[in-house]
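Trainee: Just passing along the structure, written as structure tokens.
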Amino acid sequence: MPTHRRRIGLAIMLASAVTFSTAGLFAKGVTADAWSVIFWRGLFAALFTVLYVLWQGKVGEEFRDMGRSGLAVAVIGAL
């Protein structure tokens, strides 16, 4: 019998498979240019990443462990 953490992992994997397999249906319905899609994709990725780090309660630790190279990657990615 699977443990609780294993069940959660399986549920997340199933949800991601369904989400990614239906992404093409939604992408065909969007009438936006490529730069708009890239902008919104990046915005939501950043939002969900920040929410996840806040949910974990490790904001200070994550920024401290990131170091200068991580900060450089974040700035370049944001640009």
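The values are calculated or read from the model by the stated rules, or taken from the named source; none is laboratory data. All values derive from a computational prediction rather than experimental measurement. Cβ coordinates were reconstructed from backbone atoms using ideal geometry, including for glycine residues, and neighbour counts include every protein chain displayed.
Trainee: Go through the range 37-47 and give me each residue that's surrounded by 11 or more Cβ atoms within 10 Å (Cβ to Cβ) and not β-branched (Val, Ile, Thr).
Mentor: We begin by selecting, within the range 37-47, every residue surrounded by 11 or more Cβ atoms within 10 Å (Cβ to Cβ); these are 37-40, 42, 45-46.
Selection gives Phe39, Trp40, Gly42, Ala45, Ala46.
Trainee: Okay, next question. Which residues, counting only those in the range 1-50, are assigned by TED's automatic domain parsing to the domain that holds Gly77, of a type in the set (S, T, N, Q) and within 15 Å of the chain's Cα centre (by Cα)?
Mentor: Within the range 1-50, Thr49 is the sole residue that qualifies.
Trainee: Then there's this: Give the range 46-79 a look and list any residue that's aliphatic (A, V, I, L, M) and more than 22 Å from Trp35 (Cα to Cα), or say none.
Mentor: Step one: filter the range 46-79 for residues aliphatic (A, V, I, L, M), giving 46-47, 50-51, 53-54, 59, 66, 71-76, 78-79.
Within the range 46-79, Val50, Leu51, Val53, Leu54, Val59, Met66, Leu71, Ala72 qualify.
Trainee: When you scan the range 29-51, do you find a residue that is acidic (Asp, Glu) and outside any helix (DSSP H, G or I), even just one?
Mentor: Kept after step one, since they are acidic (Asp, Glu), are these residues of the range 29-51: 33.
Okay, now just the ones that are also outside any helix (DSSP H, G or I), so 33.
There is at least one residue in the range 29-51 that is acidic (Asp, Glu) and outside any helix (DSSP H, G or I).
Trainee: Which of the residues that make up the range 12-51 are among the small types (Gly, Ala, Ser) and under 20 Å from Leu79 (Cβ atoms)? Steps first, please.
Mentor: Step one: filter the range 12-51 for residues among the small types (Gly, Ala, Ser), giving 15-17, 21, 23-24, 27, 29, 32, 34, 36, 42, 45-46.
Residues satisfying the conditions are Ala34, Ser36, Gly42, Ala45, Ala46.
Trainee: Can you tell me which residue within the range 52-64, out of those that are assigned to a helix (DSSP H, G or I) and not aromatic (Phe, Trp, Tyr), is farthest from Ile76 (Cα to Cα)? Before the answer, list the steps.
Mentor: Pass one, the range 52-64, residues assigned to a helix (DSSP H, G or I): 52-56, 59-64.
Next, only the ones that are not aromatic (Phe, Trp, Tyr) stay: 53-54, 56, 59-62, 64.
Details: Val53: 20, Leu54: 22, Gln56: 25, Val59: 20, Gly60: 21, Glu61: 21, Glu62: 18, Arg64: 18 Å.
Out of the qualifying residues, it is Gln56.
Trainee: Here's something else I'd like to know. Which one of Gly9, Gly77, Gly57 is surrounded by 11 or more Cβ atoms within 10 Å (Cβ to Cβ) and small (Gly, Ala, Ser)?
Mentor: Details: Gly77 fails: surrounded by 11 or more Cβ atoms within 10 Å (Cβ to Cβ); Gly57 fails: surrounded by 11 or more Cβ atoms within 10 Å (Cβ to Cβ).
None of the other options fit; the residue is Gly9.
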